[in-house]
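Remarks on the structure that follows.
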Amino acid sequence: MLNLTKDNFKTEVEEFSGLVAIDLWATWCGPCRMMAPVFEEVSKDFPDVKFCKINVDEEPELTRMFNVTSIPTIALVKDNTFVDLLVGYVNKEKLAEFIEVNR
């Protein structure tokens, strides 16, 4: 899983053609740790979608770009345009539906 930083965000997200799903998380966040395997599992079902992670403690500038106030948050960006946010822990079916609807 690709970890996004301010150094690679432009190349990996802004210059990418297609949908990018970004998991905004923190090591101390219990629901984030629960969300991680769900995010990983769903990534296998969408080979055409780029799945990435942002550690909110290590990348506050990127976190502010998405106006994140609660984690875990899944952000979707398509063709360098913000699409939608999904806040809080969700199961595999809900996450897959969120991505499918915004493809």
Condition set open to solvent by 40 Å² or more (accessible area, probe 1.4 Å) and among the polar types (S, T, N, Q), scope segment 4-26, selection nearest to Cys52 (Cα to Cα): answer is Thr5
Looking only at segment 2-16, count how many residues are out of contact with any strand residue (DSSP E or B) (no Cβ under 9 Å at 6 or more places or on another chain) and assigned to a loop (DSSP other than H, G, I, E, B).
3
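The values are calculated or read from the model by the stated rules, or taken from the named source; none is laboratory data. In this text the structure is predicted, and so the values were computed from the model without any measurement. Glycine also receives a Cβ, built like all others from the backbone with ideal geometry; neighbour counts cover every protein chain displayed. The area values use the complete protein model at the heavy-atom level, side chains included, leaving out ligands, DNA and RNA. Shrake-Rupley method; radii C 1.70, N 1.55, O 1.52, S 1.80 Å.
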